[in-house]
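Since the structure comes first, as structure tokens, the remarks are kept for the end.
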Amino acid sequence: MIKDGLGGANTRTGLVFEGKTDLATFLNSQQSYKVNNQNEVFYNDDLVGQIFKKHAFYKFLESRSIKWQDYISKRLLPDDSIYVIINNTFFVIECKFQQVAGSVDEKLQTCDFKKKQYKKLLSKLNFEVEYIYLLSDWFKKPEYKDTLDYIHSVGCDYYFNYIPLSRLGLPC
């Protein structure tokens, strides 16, 4: 959502925020990390993870002989996600940017449902699943306290503007 209520999907502010938080770009800028064209993540030349955005997640499921339709009724498209090999955990990272009140407010309250959907999808692989919001400073306002408390109460997490590598179990 942008000022004056004109759709949010193509707004420059949202894209800039998501562009700043692109996991592959971020990791490539970190010492000892490299993300190749297949979005495999290497640390000191050791494979430590794999990144998936939007539809790439479903290509990954297909490569593991998982038909998403057998588990859920509607596709979920993660803004960013990473499978971290060392802790066998799939992290879904959803980026939310706001400048004015809008529909994102309610989207934050869907994390429990979405985390359960991702768990269903990945159950055959025995992956742990973590669901993390990456939020802009807009959500530091007092009126979001209950929503932020709820996110933690259902086993999801959030960070403002960045996620520490240690939270993902990646080498620092």
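Select from the range 8-20 the residues that are open to solvent by less than 60 Å² (accessible area, probe 1.4 Å) and out of contact with any Gly (no Cβ under 9 Å at 6 or more places or on another chain) and write down the one among them that is modelled with the highest pLDDT. It would help to see each step written out before you state the result.
At the first step, the residues of the range 8-20 found to be open to solvent by less than 60 Å² (accessible area, probe 1.4 Å) are 8, 11, 13-14, 17, 19.
Okay, now just the ones that are also out of contact with any Gly (no Cβ under 9 Å at 6 or more places or on another chain), so 11, 13, 17, 19.
Details: T11: 36, T13: 37, F17: 44, G19: 50.
By that ranking, first place goes to G19.
Filter the range 47-80 down to the residues that are among the charged types (D, E, K, R) and exposed (fewer than 13 other Cβ atoms within 10 Å of the Cβ) and list them by number.
K59, E62, R64, K67, D70, K74
Residue by residue, here is whether (1) at pLDDT 95 or above; (2) among the acidic types (D, E); (3) within 13 Å of the chain's Cα centre (by Cα) holds:
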| position | (1), (2), (3) |
| --- | --- |
| D22 | no, yes, yes |
| S29 | no, no, no |
| E40 | yes, yes, no |
| I51 | yes, no, yes |
| K54 | no, no, yes |
| Q69 | yes, no, no |
| S73 | yes, no, no |
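Among (1) modelled with pLDDT of 90 or more; (2) over 21 Å from L23 (Cβ atoms), there is one condition S103 misses while meeting the rest; what is its number?
All conditions are met except number (1).
Considering only residues that are touching a Lys or Arg at 6+ places or on another chain (Cβ under 9 Å) and hydroxyl-bearing (S, T, Y), look in the range 50-72 and name the one that is farthest from L27 (Cα to Cα).
Top of the filtered list is Y71.
Which of the residues that make up the range 34-45 are touching a residue at least 40 places away in the same chain (Cβ under 8 Å) and under 16 Å from D80 (Cβ atoms)?
V41, the sole residue that qualifies.
For the range 89-172, which fully contained helices (runs of 4 or more DSSP H) count at least 2 residues that are over 15 Å from the mean Cα position of the chain (by Cα) and loosely packed, with under 13 Cβ neighbours inside 10 Å? It would help to see each step written out before you state the result.
On the way: elements: 104-107, 111-122, 145-153, 165-168.
Hits in the range 89-172: 145-153.
Hey, K120 hits all of (1) touching a residue at least 40 places away in the same chain (Cβ under 8 Å); (2) touching a helix residue (DSSP H, G or I) at 6+ places or on another chain (Cβ under 8 Å); (3) not hydrophobic (A, V, I, L, M, F, W, C) but one; which does it fall short on?
Among (1) touching a residue at least 40 places away in the same chain (Cβ under 8 Å); (2) touching a helix residue (DSSP H, G or I) at 6+ places or on another chain (Cβ under 8 Å); (3) not hydrophobic (A, V, I, L, M, F, W, C), the lone unmet condition for K120 is (2).
The values are calculated or read from the model by the stated rules, or taken from the named source; none is laboratory data. For clarity, every value in this text was computed on a predicted model and none was experimentally measured. Ideal geometry is used to build each Cβ from the backbone, glycine not excepted, and the neighbour counts take in all protein chains shown. Note: areas computed on protein heavy atoms with side chains; ligands, DNA, RNA excluded. Shrake-Rupley method; radii C 1.70, N 1.55, O 1.52, S 1.80 Å.
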